[in-house]
Amino acid sequence: MAGPATRTKKPLSALRDFLHGEAAGGIVLMAVAALALAIANSPAAPLYFGLLKSYVLGLSVLHWINDALMAVFFLLVGLEIKREVLDGQLSSWSRRALPGFTALGGMIAPALIYLALNLDAPESLRGWAIPTATDIAFALGVLSLLGPRVPASLKVFLTALAILDDLGAVIIIALFYTAEISGPHLGLAAATLGILAALNRFGVTRLPLYLLLGAALWYFTLRSGIHATLAGVALALTIPLKPSPARPDDTESPLHRLEHGLHPYVAFLVIPVFGFANAGVSFSGLGLSTLAAPVPLGIMLGLFLGKQIGVFGFGWLAIRAGLADLPARASWAQFYGIALLCGIGFTMSLFIGLLAFPYSEALQDQTKIGVLAGSLLAGLCGWLVLRFSASEDIRREQP
């Protein structure tokens, strides 16, 4: 068990654990996505799709995964956002400037490209937000394959950018993908959130109490019409960031304890299960013409072109204007490689696609094709650029 001396390094150790866990989780996610595609195009496909559509306690298995299991993912996302903004890599303007500008550009440009290609297809305009997301696990998984060729500053930058990107996705889901609202259940959700905030305000640090009320918050949010996963983010914002002054022997805050406890389960269980359940798409009867349809083409080009234009372009402008600095020991070529990796959308893109087209399996399948194609293209090109663009400092250090 770690002693008090090691616990004082919480921000650094938390970031190190996050990077290592996300990188390994990204490799696992690649494997389960490939497995899902293989099964969906094999004789076992009817069993695969039939299992996902089977019902348990009133909800389909796929519904449980996307609404309940993913709430745990969003809880971790909320914890990471809160920690980084208040006590981490996004805690000051100088630290959040470059990730902030690039995250903004990385959401605007892909959305514009998608909208431009879907203006004549009103039924598909709801998918404009699909290519705006970056999958941090996948992106760090690709970076992990490059080893010391990429400076640590770029990995920290990518992590901070992806966290702000997730924050943008949460706001988009709340504003644009909310169904009809049930007033009574929304009121109960608000009251529960108020109780959680009061517990935080009065210094209560018992995690089981927060999690119990969080389960009630999830249920009320589900019934209210707002997507239930947002309850995870709301709960995260109420978890105390500082240890209880009444327990001086406890130097780790409830937020850090919960984040560290959840991280391996999210990285190696929640996200792989989501990826396995949602990446499977049958290619039977599909050709290159399918990829040229407005939805998959808009998603693919949004992820591959839009992300690199938005991230690199907004980053270049911010640095040239003196509002931000290029990450330490990184070259412009490496910065461009990171911008390419931001086009790996996978988890959040697939999730937004389900919200955008809840009643159209055809559009959901087109979404999967676009996300897979765009993410694969962005990941491969990003890896190639970073593979052959090591900075001079790193080249000198290598034998």
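The values are calculated or read from the model by the stated rules, or taken from the named source; none is laboratory data. This structure is a prediction, so every number in the text was calculated from the model and none was measured. Don't worry about glycine lacking a Cβ; one is built from the backbone with ideal geometry, like all the others, and counts go over all protein chains shown. For the accessible areas, the whole protein counts, side chains as well, though only heavy atoms, and no ligand, DNA or RNA atoms are used. Shrake-Rupley method; radii C 1.70, N 1.55, O 1.52, S 1.80 Å.
Region 260-354: D in µm²/s via Stokes-Einstein (Kirkwood Rh, Cα pairs, 25 °C, 0.890 mPa s)?
152
Taking the simple approach of a point 7 Å from Cα along Cα-to-Cβ for both residue 291 and residue 176, what is their distance in nm?
In this crude label model, residue 291 to residue 176 measures out at 2.5 nm.
Work out from phi, with θ = phi - 60° and the Karplus expression 6.51 cos²θ - 1.76 cosθ + 1.60, the ³J(HN,Hα) of each residue of region 227-241, listed in order in whole Hz, and give x for Gly and Pro.
My calculation for region 227-241 gives 4, 4, 5, 5, 4, x, 5, 4, 4, 4, 5, 9, 6, x, 8 Hz in order.
Under the rule of at least 5 residues apart or a separate chain, name every residue whose amide H is placed under 5 Å from the amide H of residue 239.
The answer is none.
Taking 7 Å along the Cα-to-C-beta vector as the label spot, tell me the residue 45-residue 242 distance in nanometres, rounded to one decimal.
So the label points at residue 45 and residue 242 sit 5.8 nm apart.
With a ≥ b ≥ c taken as the square roots of the eigenvalues of the C-alpha gyration tensor of region 145-234, please select rounded if a/c is under 1.5 and otherwise prolate if a/b is larger than b/c or oblate if it is not?
Values: a/c = 3.28, a/b = 1.68, b/c = 1.96.
In terms of gyration-tensor shape, oblate.
Quickly estimate the mean residue ellipticity at 222 nm for the chain, helices only: each DSSP H run with n ≥ 4 gives -39500 (n - 2.57), and the total goes over all residues, rounded to 500.
-22000 deg cm²/dmol
Give me log10 I(q)/I(0) at q = 0.08, 0.10 Å⁻¹ for region 182-340, Debye formula, one equal scatterer per alpha-carbon, no solvent.
Per q value, in the given order, log10 I(q)/I(0) is -0.46, -0.70.
Show me the ranking of peptides 271-278, 66-73, 298-305 by mean Cβ neighbours inside 10 Å, starting with the highest.
Values: 271-278: 21.9, 66-73: 20.4, 298-305: 28.6.
Taking the mean over residues of other Cβ atoms within 10 Å, the ranking is 298-305, 271-278, 66-73.
So if the hydrodynamic radius of region 23-148 is defined as the Kirkwood radius over C-alpha pairs, what does Stokes-Einstein give as its diffusion coefficient at 37 °C and 0.692 mPa s, in µm² per second?
181
Can you tell me the dipole magnitude for the chain around its Cα centre, using point charges on the Cβ only (Lys, Arg +1; Asp, Glu -1), in Debye to the nearest 20? Numbers along the way, then the final one.
Working: 25 positive and 22 negative charges, 159 e Å.
I would put it at about 760 debye.
Between region 156-171 and region 326-381, what's the alpha-carbon centroid distance in Å?
That distance is 13 Å.
Would you work out which of 91, 47, 371 lies farthest towards the positive end of the dipole of the chain? Charges go on Cβ: Lys and Arg +1, Asp and Glu -1.
Going by the charge dipole, the pick is 91.
Given the options 331, 167, 121, identify the residue whose Cα lies farthest towards the positive end of the charge dipole of the chain (+1 on Cβ of Lys, Arg; -1 on Cβ of Asp, Glu).
Result: 331.
Would you give the gap between the C-alpha center of region 50-97 and the C-alpha center of region 114-133, rounded to a whole Å?
That distance is 24 Å.
In Å², what does the accessible area per residue of the chain work out to with a 1.4 Å probe?
44
Rounded, prolate or oblate: which one fits region 122-197, using the alpha carbon gyration tensor with axes a ≥ b ≥ c (rounded when a/c is under 1.5, else prolate when a/b beats b/c, else oblate)?
Verdict is oblate for region 122-197.
Multiply the residue separation of residue 92 and residue 190 by 0.36 nm, subtract the distance between their alpha-carbon atoms, and state the gained length in nm to one decimal. Don't skip to the end; give the middle numbers.
Working: separation 98, 0.36 × 98 = 35.28 nm, distance 3.03 nm.
Full-extension gain reported as 32.3 nm.
Residue by residue, what Karplus-based ³J(HN,Hα) values in Hz, rounded to whole numbers, does region 154-162 have, using 6.51, -1.76 and 1.60 with θ = phi - 60° and x for Gly and Pro?
Result, ordered by residue: 6, 5, 5, 4, 4, 5, 5, 4, 5 Hz.
What are the ³J(HN,Hα) values, in whole Hz, obtained from phi via the Karplus relation 6.51 cos²θ - 1.76 cosθ + 1.60 with θ = phi - 60°, for each residue of region 57-73 in sequence order, with x given for Gly and Pro?
Values per residue, Gly and Pro as x: 6, x, 10, 5, 4, 5, 5, 4, 5, 7, 9, 9, 4, 6, 4, 5, 4 Hz.
How charged is the neighbourhood of residue 74? Take every other residue with its Cβ under 12 Å from the Cβ of residue 74, and add Lys/Arg as +1 and Asp/Glu as -1.
-3
Express the carbon and sulfur contribution to the solvent-accessible surface of region 215-332 as a percent, rounded to the nearest whole number, probe 1.4 angstrom.
69
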